[in-house]
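The next block holds one structure in the form of structure tokens; read it before the comments.
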């Protein structure tokens, strides 16, 4: 009835993700085409009515039995069923920015950390869109297309744990690459795509911060920065842009520092990356827009 598909690039924690008692297909992304393409290779090998996708997670105790109960007797109009994701956070201190970002997966909808789909539905909609090269938005895109095809998505009762990893000082900057995939989401699903999946975003504020930074540097040939200088006039305009940039950057940094442990290392990391994230987000979004148009 059920086949589990796990994409991997050879991670050390893979053994913890493999549940016992159900058929499992582990697909290694040897050609680095991304998880969307890897999952497609996996589910197309499956012969069962249901395919369950697991990512970098640890299924809870009794997971196979709970999964069977979740999928049993679901109406034909239900195309998919998501597990309940738990993210273990430290109890002795406030979570870091990276830990809070991972904890957001517990509230996310239709993510492939633990997501079951009818194989027939995957065939009908064509599976994952392989134009999404990262583990980002490819699952939301699939969920939207499944719903657009007339199927419902529901939450089950099985529990899966998603560990928190330390991806390094610059991880939050690297994650801005996902803004390129947001451009494809807009291209495919229209300007309201965020509301359809319940996602927020800071890109408009990042764009203003970046424009003010450009204006503060006096680079008058670059779009909005040039407009800001023209309106305010010369050196006075550059100072005004610098003040605006500093205020928005400080606000962004404090929003990330305040709920965290506020250790010297975490504060330094938030201060530095809060300067880099806005222009990085804008550059990746621009790159994504150009790619989506091609």
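Binning all Cα-Cα separations of the chain at 10 Å, short to long from zero, yields these whole-percent fractions: 6, 24, 30, 22, 12, 5, 1, 0. Counted over all Cα-Cα pairs of segment 30-124, pairs farther apart than 22 Å make up 40 percent. Panel note: the C-alpha atoms of segment 247-294, placed on their principal axes, show extents of 45, 20, 15 Å (largest first).
A straight chain from residue 235 to residue 155 at 0.36 nm per residue would run longer than the Cα-Cα distance by 23.1 nm.
Arrange the peptides 93-103, 175-185, 195-205 so that the one whose residues have, on average, the most other Cβ atoms within 10 Å appears first.
Listed from highest to lowest mean packing, they are 175-185, 93-103, 195-205.
Note on the chain: helix-only mean residue ellipticity at 222 nm, from DSSP H runs of 4+ residues weighted -39500 (n - 2.57) and normalised by residue number, equals -15500 deg cm²/dmol.
Helix 203-217 versus the longest principal axis of the chain: what angle, 0 to 90°, nearest 10, using Cα atoms? It works out to around 30 degrees. Where does helix 35-45 land angle-wise versus the long Cα axis of the chain, in degrees 0 to 90, nearest 10? Approximately 10 degrees, to the nearest 10.
A compact globular protein would have a Cα radius of gyration near 2.2 N^0.38 Å; the ratio found for segment 90-137 is 1.61. Computed over segment 1-84, the P(r) tail beyond 17 angstrom holds 48 percent of alpha carbon pairs.
So if I average 1/r over every pair of distinct C-alpha atoms in segment 73-181 and take the inverse, what Kirkwood radius in Å does that give? So the Kirkwood estimate lands at 15.5 Å. Look at where the Cα atoms of segment 108-178 and of segment 12-51 average out, and the two centres are 14 Å apart.
Would you please calculate the Kirkwood hydrodynamic radius of segment 2-166 over all C-alpha pairs and express it in Å, rounded to one decimal?
Taking the inverse mean of 1/r over all distinct Cα pairs, segment 2-166 comes out at 16.1 Å.
Per-residue packing, averaged as other Cβ atoms within 10 Å, sorts the ranges 140-147, 70-77, 286-293 into the order 140-147, 286-293, 70-77, beginning with the highest.
Rule-based calculations on the coordinates, nothing more; no lab input. Being a predicted model, the structure only gives us computed values, none of them experimental. Methodologically, a virtual Cβ is constructed for each residue, glycine included, from the backbone with ideal geometry; neighbour enumeration extends over all protein chains shown.
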